[in-house]
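S.K.: This is the structure I want to talk about, given as structure tokens.
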Amino acid sequence: MAASSATVAESDAMEAEAPAAVRGCVDFKGRRVLHSKSGCWKSASFIIGVEMAERFAYYGISSNLVSYLTGPLGQSTAAAAANVNAWAGTASLTPLLGAFVADSFLGRYWTIIAASLLYILGLGSLSVSAALTPSDSSSPPMIDVIFFFLALYLVAFAVGGHKPCLQAFGADQFDDENVKEVQSKSSFFNWWNFCLCVSIVVGLLVLTYIQENLSWELGFGIPCLVMCFALSVFLFGIGTYRFRVKSDGRNPFAQITRVLVRALKNRRAAAPEGLAVEEEEGHFRFLDHASLEPNGVEACSMSDIEDAKAILKLLPICLACLPFAVVYQQSTTLFTKQGATMDRHITINFQIPAAALQAFTPGSIILFVPLYERVLIPLARAITHKPTGISLLQRIGTGLVLGIVCMVVAGFTERQRLETALEHGLFDLPKETVPMSIWWLVPQYLVMGVADVLTFVGLQEFFYDQVPGGLKSMGLALSFGVAGIGGFLSSFLVSVVDKTTGGRGQDSWLSDNLNRAHLDYFYWLLAGLNALSVVLYVYFAKSYVCSKRSIV
């Protein structure tokens, strides 16, 4: 929301005289806003409702995408898994682009609207593509495949504008200078994900059944209608929203880029002396050269330099979390293919879709978040006297350890499935059902859910808290970017393992015939990589100095 400098100055002056006003915020018409009449949970409820619809649509597509690629589009298991990982990675990286557009040009509100329209277009195109592609064809026309992937990546770019901006816009509804609202904002991130998981469970159970038992075009078309409704809800809540305004009107990306460029140009110059650099900004001291011109005249302010340091400090944490992001990708690809070979019957005449078991991941989050919010956090607050109970870095680290547990459990479950297949002579009968209940997979989904809420939700709150004020959308986009890069790394790793372990007449670990494959070895490989990442994370976390002492 753009506002003139005069309006902002007038707003700030009025806020100084009225304690009930929210400093740095205006309503849609540029007027100052009061605590009692705007923001907080009143506005957040509209925003959470919109995101619930978006997650319903996204997971309604992504959860069963591997089945569509190996079914109507006729791709191999390895190719389909690689394509799903690449698409999921793109959908998690495009928030960086969306955050740039929002923080530099359009603002969060208008970026959300533009992304919603793009979302609706992409989902509608997916439904049309599914209607044009014969469901019984093993090799559909190339034009149908191209149209499908164009529509799919249109959705990925829509996610980029929607996801970081909506969550940041929701967090903006809480005042950082109001003690009660500070605690509410910490709870907001947890309840945000709790509500999203409810919608994800509904999407997984309803849409996967429709896609496999009715039609793919209907399974893709319903999310399109839901997103149309979500856009209406978002517009309806406009009168309650708080819009953050910039005090100086400068582009934060331009400021940080200028610091980096100036520091590189002055890298051979003498180090600046007498600068009051805080202890927490003692890292990346080379950026202090940005405060000098060759003739000694200051080029960049110290506040801009400290903002650039705050962004760079987050990169090692991102790096250490990448192996966990690779683990997370398996829940929508290999876990699903694994379940498709097992006994999925609930009754004699009814069997659940393999992708529906993904509902246990958000299901575990639904159960864990109230326990975490109502029991664990109050207990931790009483012991540590911190608003968040435990530090966010401790929370993230706990989630990384659970990622290792998840892969170890998944590996032993797969070993049991292979032994069952061997016992019943099914090694060369990949289309036959292995007489082992699909419920054996539930533990790995449950552990993944708890690891998700600790790691990814912790990253979201941590990055939002640590980035400069004008880059809150970018902070959240960085946390999504971890998952995005993890998707590409997973795609790369799947391809490498498939080629390395196969060949010379030997089945690879990721063979299309899962009864001759070795998913157990692949899962244990991921567990080992995650163990190494935990060691790296502990090192980086111990050396990290938070910009806000309250969450250390």
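The values are calculated or read from the model by the stated rules, or taken from the named source; none is laboratory data. Fair warning: this is a prediction, and the values are worked out from it, not measured in the lab. Cβ sites come from the backbone with ideal geometry, for glycine too, and all protein chains shown count toward neighbours. Just so you know, the surface numbers come from the protein's heavy atoms only, side chains and all, with ligands and any DNA or RNA stripped out. Shrake-Rupley method; radii C 1.70, N 1.55, O 1.52, S 1.80 Å.
S.K.: From 355, 359, which residue is surrounded by 22 or more Cβ atoms within 10 Å (Cβ to Cβ) and either touching a His at 6+ places or on another chain (Cβ under 7 Å) or under 26 Å from residue 322 (Cβ atoms) (or both)?
M.R.: On the way: 359 fails: either touching a His at 6+ places or on another chain (Cβ under 7 Å) or under 26 Å from residue 322 (Cβ atoms) (or both).
On inspection, the qualifying residue turns out to be 355.
S.K.: Can I ask one more? Could you list all residues from the range 519-549 that are open to solvent by 30 Å² or more (accessible area, probe 1.4 Å), more than 23 Å from residue 284 (Cβ to Cβ) and either in contact with a Gly (Cβ under 6 Å, 6 or more places away or on another chain) or modelled with pLDDT under 85 (or both)?
M.R.: If the condition is that a residue be open to solvent by 30 Å² or more (accessible area, probe 1.4 Å), more than 23 Å from residue 284 (Cβ to Cβ) and either in contact with a Gly (Cβ under 6 Å, 6 or more places away or on another chain) or modelled with pLDDT under 85 (or both), then 524 is the only one that fits.
S.K.: Regarding residue 88, is this residue open to solvent by less than 30 Å² (accessible area, probe 1.4 Å) and over 24 Å from residue 492 (Cα atoms)? Let's see the steps before the verdict.
M.R.: Details: open to solvent by less than 30 Å² (accessible area, probe 1.4 Å): yes; over 24 Å from residue 492 (Cα atoms): no.
So residue 88 does not fit the description; no.
S.K.: Can you tell me which of (1) at pLDDT 85 or above; (2) touching a Gly at 6+ places or on another chain (Cβ under 7 Å) is the one residue 138 doesn't meet?
M.R.: So residue 138 meets the others, but not (1).
S.K.: Now a separate question. Output the residues belonging to the range 456-489 that are farther than 13 Å from residue 189 by Cβ, assigned to a helix (DSSP H, G or I) and open to solvent by less than 10 Å² (accessible area, probe 1.4 Å). Full working, then the answer.
M.R.: Of the range 456-489, the ones farther than 13 Å from residue 189 by Cβ are 466-471, 473-474, 477-478, 480-489.
Filter again for assigned to a helix (DSSP H, G or I), leaving 466, 469-471, 473-474, 477-478, 480-489.
Passing the criteria: 466, 471, 473, 477, 481, 482, 484, 486, 487.
S.K.: Identify the residue in the range 412-450 that is out of contact with any strand residue (DSSP E or B) (no Cβ under 7 Å at 6 or more places or on another chain) and among the small types (Gly, Ala, Ser) and, among all such residues, is nearest to residue 530 (Cα to Cα).
M.R.: Checked the range 412-450; the qualifying residue nearest to residue 530 (Cα to Cα) is 449.
S.K.: Return yes or no: is residue 403 at pLDDT 90 or above, buried (at least 21 other Cβ atoms within 10 Å of the Cβ) and not in a loop (DSSP other than H, G, I, E, B)? So that I can check it myself, show each step before the final result.
M.R.: Details: at pLDDT 90 or above: yes; buried (at least 21 other Cβ atoms within 10 Å of the Cβ): yes; not in a loop (DSSP other than H, G, I, E, B): yes.
Yes: the conditions hold for residue 403.
S.K.: What number of residues within the range 42-85 satisfy the criterion of being more than 26 Å from residue 522 (Cα to Cα) and either in contact with a Phe, Trp or Tyr (Cβ under 8 Å, 6 or more places away or on another chain) or open to solvent by less than 10 Å² (accessible area, probe 1.4 Å) (or both)?
M.R.: Final tally of qualifying residues: 12.
S.K.: Now for a separate question. For the subset of the range 69-89 comprising residues that are of a type outside the set (A, V, I, L, M) and modelled with pLDDT of 85 or more, which member is nearest to residue 154 (Cα to Cα)? Talk me through it step by step, then tell me what you get.
M.R.: Start the filter on the range 69-89 by keeping residues that are of a type outside the set (A, V, I, L, M), which leaves 70-72, 74-77, 83, 85, 87, 89.
Narrowing the set further to residues that are modelled with pLDDT of 85 or more leaves 83, 87.
Working: 83: 15, 87: 10 Å.
For the range 69-89, the residue satisfying everything is 87.
S.K.: A further question on this structure: Out of curiosity, is residue 495 closer than 30 Å to residue 427 by Cα, more than 22 Å from the chain's Cα centre (by Cα), assigned to a helix (DSSP H, G or I) and at pLDDT below 90? Can you show your working first?
M.R.: Numbers: closer than 30 Å to residue 427 by Cα: yes; more than 22 Å from the chain's Cα centre (by Cα): yes; assigned to a helix (DSSP H, G or I): yes; at pLDDT below 90: yes.
For residue 495, the condition - closer than 30 Å to residue 427 by Cα, more than 22 Å from the chain's Cα centre (by Cα), assigned to a helix (DSSP H, G or I) and at pLDDT below 90 - is met.
S.K.: When the range 328-385 is examined, which residues are found to be without any contact (Cβ under 8 Å) to a residue 40 or more places away in the chain and β-branched (Val, Ile, Thr)? Let's see the steps before the verdict.
M.R.: Filtering the range 328-385 down to residues without any contact (Cβ under 8 Å) to a residue 40 or more places away in the chain leaves 345-351, 367, 371, 374-385.
346, 347, 348, 375, 377, 383, 384, listed by residue number.
S.K.: Also, quick follow-up: Taking the conditions exactly as written (part of a helix (DSSP H, G or I) and modelled with pLDDT under 95), does residue 387 satisfy them or not? Quick ask: steps written out before the conclusion?
M.R.: Details: part of a helix (DSSP H, G or I): no; modelled with pLDDT under 95: yes.
Answer is no for this residue.
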